[in-house]
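So that we are looking at the same thing, I have put the structure below in structure tokens.
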Amino acid sequence: MNRPAALNRTLLALIGLLLLAAGGFALATHFGKLRLLDPAAPLVPGAVPPPTWVFWVAIAASVVLGLLCLRWLAAQAFRRPKTVAWRTDHADGSLVLDSTAVAAPIAADIDGYDGVRAAKAWLSGPREAPELALVVTADRDVRPRIAEHALPRLKQALEVDDLPVRLELRLTTKSGGRRTV
């Protein structure tokens, strides 16, 4: 189970229910269906405005809340794994290789398949146990082709027996722009 996604959905559902209840309460009170509050009564008793610092606190809290909401929205747009630098030590010297450089050839390989519109790949984790994340936009299901062709080649290049893969396949019906080879 994806715990962050479950927490995200739960919090969204609770906030949505809270907002629905508040809106329903406000509408029921306004139209006189709920007699808990007088719809003609002022929102704040008295005619004296609150001190100036109250407005500044409300503005600051609104700005912080707005920035947190923007941060949350940006996090929803796309989650990609963090890249890592792999280091190998040999008698001839050491080599430092960024995992994005290793993932680029498999993305290019998959991008060349018939019906594929776009392919992006990321490798994360340690060199001994990497994990692959793929986002493929295609006209048809290309999972068998990826499993039979691209993944064995990447496993051989990385010299690993097991390579966990998270594949996001975005199917599209758009035609044009790509030529079949």
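Leaving out ligands, DNA and RNA but keeping every protein chain, what accessible area does Thr52 have, in Å² rounded to the nearest 10, with a 1.4 Å probe?
Approximately 90 Å² of Thr52 is accessible to the 1.4 Å probe.
Sticking with this one: Mind listing the phi-derived Karplus ³J(HN,Hα) values for the range 9-15, rounded to whole Hz, using 6.51, -1.76 and 1.60 with θ = phi - 60°, and x for any glycine or proline?
Each residue's phi maps through the Karplus curve to give 5, 5, 5, 4, 5, 5, 5 Hz.
Say each of Ala5 and Leu19 gets a label point 7 Å from the Cα, pointing the same way as Cα to Cβ; how far apart are those two points in nm?
Output for this residue pair reads 2.2 nm.
Show me the chymotrypsin sites (Phe, Trp or Tyr not before Pro) within the range 18-78 that DSSP assigns to loop and that have at most 16 other Cβ atoms within 10 Å of their Cβ.
Phe31, Phe78
What full-extension length gain, to one decimal in nm, is calculated for Arg170 and Asp114 as 0.36 nm per residue of separation minus the Cα-Cα distance?
Answer, rounded to one decimal: 18.7 nm.
The values are calculated or read from the model by the stated rules, or taken from the named source; none is laboratory data. Fair warning: this is a prediction, and the values are worked out from it, not measured in the lab. Methodologically, a virtual Cβ is constructed for each residue, glycine included, from the backbone with ideal geometry; neighbour enumeration extends over all protein chains shown. With ligands, DNA and RNA removed, areas are computed over all heavy atoms of the protein, side chains included. Shrake-Rupley method; radii C 1.70, N 1.55, O 1.52, S 1.80 Å.
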